[in-house]
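So the structure is just underneath, and the comments pick up after that.
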Amino acid sequence: MAIEHIDRKGSYSIKVDALEKYYGNPNLIPLWVADMDFETPYCVREALQGVIDKGVYGYNYIPDEYFTSIVQWLQKVQGWSVEAQWLSFIPGIVKGIGYVINYFTKEGDGIIVQPPIYPPFMNLPKGNNRKLLFNPLIGTENPNSPYKMDFDNLEEICSQNSCKLLILSNPHNPAGIAWDKETLTRLAEICHKHNIIVISDEIHADMPLFGNKHIPFASVSNEAAAISITFGAPSKTFNMAGIVASYSVIPNEKIREPFYKWLKVNELSSPTIFATLGTIAAYTKGDEWRLQMLDYIEQNVLFVEKCCKEKLGGLITPLRPQSSFLVWLDCRKLSQHLFGCIDQEKIFDLFTQKSGLALNNGAAFGIGGEGYMRLNIGCGKEILEKAFDALAKNLK
């Protein structure tokens, strides 16, 4: 895959053009929002260009190939056998989670999240006046599996509260964990026993690294299938998030039928022609590009590890992701070394104001996020080198 840095300024890119809004400095190196700087695969661009060249942008319907391409992709890449009737278009995974919250719960119902976690998982329940319940992950000393789920705490939460939903990040964002079958099976057992629906966000599923394998939550047991609502998309994998091409997979008819009917009557499951044709192109013609991209990301992971060791003296420990292009940086040793304590505000200031780097603040990911920063490595290696040189210069 030919890697070329694309100048995204002036394209209304959040990652680049919103730096002033979110960081107060438009000139930072953008290493935050989870999209890549790599050019979207030619097959996707060709499909979209074909629509543009028609010159008429009227109403469209969902072609049969749309759902077929998803079914075949999930079987080929994830080894997950799904049926076409289990699928529905969703106009974005965060929106999809919001739909589930509003359809299946009422104000005051409990919704469980497992921090440190993608911030919208916490914002959605709070913003919809639901009871946000925390089941924090437990840090480990194992570099190959930096977190594990706290099932004793989960049982306690479920027993003492009116819990309706659990929002799962699989693979985990921000730490990039590809949860193993044993963990997912145990999670399904507990949630099934307490009649809790599990929303599994699997948007990073098709980017396993270093020989790791993604396991869909719904595939691990009959119990998991019975309580699962899975959200997926080609968005992250093929760098087409702005097209909004997400979908849901619900095996259980009792959950699926009323929810999909609600989506349909409210016209929430109607994609644009760009979403359908972009998905079809990505899933039928884009796999070679995906594999080349993953190889480049693996090399970037190794480069980050080298930089942290050689340029930063081991003061920052990058947790090697098992999936995706996001790296969770453990900056606690750095903070202790510089400030004598874990001071997230000063860590953030070191990266942004002093080093000119825009990373995601670990504190935004909730409990367990203090002392961390999230780094997006979906960019050219020269960008990462420039970033780590700037950081190393300030440490000296």
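Each reported figure results from applying straightforward, stated rules to the coordinates on display, with no laboratory input. Quantities reported herein were computed from a predicted structural model and do not represent experimental measurements. Cβ coordinates were reconstructed from backbone atoms using ideal geometry, including for glycine residues, and neighbour counts include every protein chain displayed.
Please quote Rg/Rh for the chain to two decimal places, taking the Kirkwood radius as Rh and restricting both calculations to Cα atoms. Before the final figure, lay out each step's value.
Working: Rg = 20.9 Å, Rh = 21.8 Å.
A ratio of 0.96.
Compactness ratio of the range 112-176: Cα Rg over 2.2 N^0.38 Å, N = residue count?
On the way: Rg = 12.3 Å, N = 65, 2.2 N^0.38 = 10.7 Å.
In units of the globular-protein estimate, the range 112-176 measures up at 1.15.
Quick check on the chain: helices-only [θ] at 222 nm, where DSSP H runs of length 4 and up contribute -39,500 (n - 2.57) each and the sum goes over total residues. Nearest 500, please. Walk me through the numbers on the way to the answer.
Working: 15 runs with 165 residues, N = 396.
Per the formula, -12500 deg cm²/dmol.
When the Kirkwood hydrodynamic radius is evaluated over all pairs of different C-alpha atoms of the range 56-285, what value in angstrom, to one decimal, is obtained?
Details: mean 1/r = 0.0556 Å⁻¹.
Evaluated on the range 56-285, it is 18.0 Å.
Which percent, to the nearest 5, of DSSP beta bridges fully inside the chain are antiparallel?
Values: 20 of 38 bridges.
Counting only bridges with both partners in the chain, antiparallel ones make up about 55 percent.
Among Val113, Leu166, Asn60, which residue has its Cα furthest toward the positive end of the charge dipole of the range 56-285, with +1 on Lys/Arg Cβ and -1 on Asp/Glu Cβ?
Toward the positive end, the furthest listed residue is Asn60.
Can you give me the span-like helices of the chain, meaning DSSP H runs with 20 Å or more of Cα extent along the axis and Kyte-Doolittle mean at or above -1.0? Before the final figure, lay out each step's value.
Details: long enough: 64-78 (21 Å, -0.37); 287-310 (34 Å, -0.50); 381-395 (21 Å, -0.11).
Once both thresholds are applied, what remains is 64-78, 287-310, 381-395.
Rounded to the nearest 20 Debye, what is the dipole magnitude of the range 56-285 about its Cα centre when Lys and Arg each give +1 and Asp and Glu each give -1 at the C-beta? Intermediate results must be reported in sequence, preceding the final value.
Working: 18 positive and 20 negative charges, 83 e Å.
My answer is approximately 400 debye.
Would you pull out the residues with amide H under 5 Å of Gly110's amide H, same chain only if 5 or more places away, H placed 1.01 Å from N?
Under 5 Å from the amide H of Gly110: Lys131, Ser162, Cys163, Lys164.
How big is the range 57-98 on each of its three principal axes, counting only the C-alpha atoms and giving the largest first in Å?
Principal axes ranked by extent give 35, 26, 17 Å for the Cα atoms.
Work out, step by step, the length gained on full extension between Lys396 and Ile367: first 0.36 nm times the residue separation, then minus their alpha carbon distance; give nm to one decimal. Write down the numbers at each step before the final one.
Values: separation 29, 0.36 × 29 = 10.44 nm, distance 3.06 nm.
Contour length minus Cα-Cα distance gives 7.4 nm.
Give me the lysines in straight-line cross-link reach of Lys309: C-alpha distance below 21 Å, same-chain residues under 8 apart excluded.
Straight-line reach from Lys309, under 21 Å: Lys333, Lys354, Lys381, Lys386, Lys393, Lys396.
Using only alpha carbons, build the gyration tensor for the range 259-361 and give me the equivalent ellipsoid semi-axes, biggest first, whole Å.
Details: eigenvalues 314, 90, 26 Å².
Semi-axis lengths for the range 259-361 are 40, 21, 11 Å.
Starting from the Cα coordinates of the range 224-263, work out the convex hull volume and express it per residue in Å³. Mind dumping the intermediate values first?
Details: hull volume 2.6 nm³, N = 40.
Per residue, the Cα convex hull of the range 224-263 comes to 64 Å³.
Rounded if a/c is under 1.5, else prolate if a/b is larger than b/c, else oblate: which is the range 328-396, with a ≥ b ≥ c the root eigenvalues of its Cα gyration tensor?
Numbers: a/c = 2.14, a/b = 1.30, b/c = 1.65.
In terms of gyration-tensor shape, oblate.
Using a Cα-Cα cut-off of under 20 Å, which aspartates and glutamates could be cross-linked to Lys285, ignoring same-chain neighbours fewer than 8 residues away?
List returned: Glu39, Glu46, Asp64, Glu65, Asp206, Asp295.
Taking Cα pairs under 8 Å and at least six residues apart, what relative contact order does the chain come out at, in percent?
On the way: 719 pairs, mean separation 88.0, N = 396.
Relative contact order of the chain: 22 percent.
Send over the Kirkwood Rh of the range 20-158, from the inverse of the averaged 1/r over different Cα pairs, rounded to one decimal Å. Numbers along the way, then the final one.
Numbers: mean 1/r = 0.0503 Å⁻¹.
Computed over the range 20-158, the radius equals 19.9 Å.
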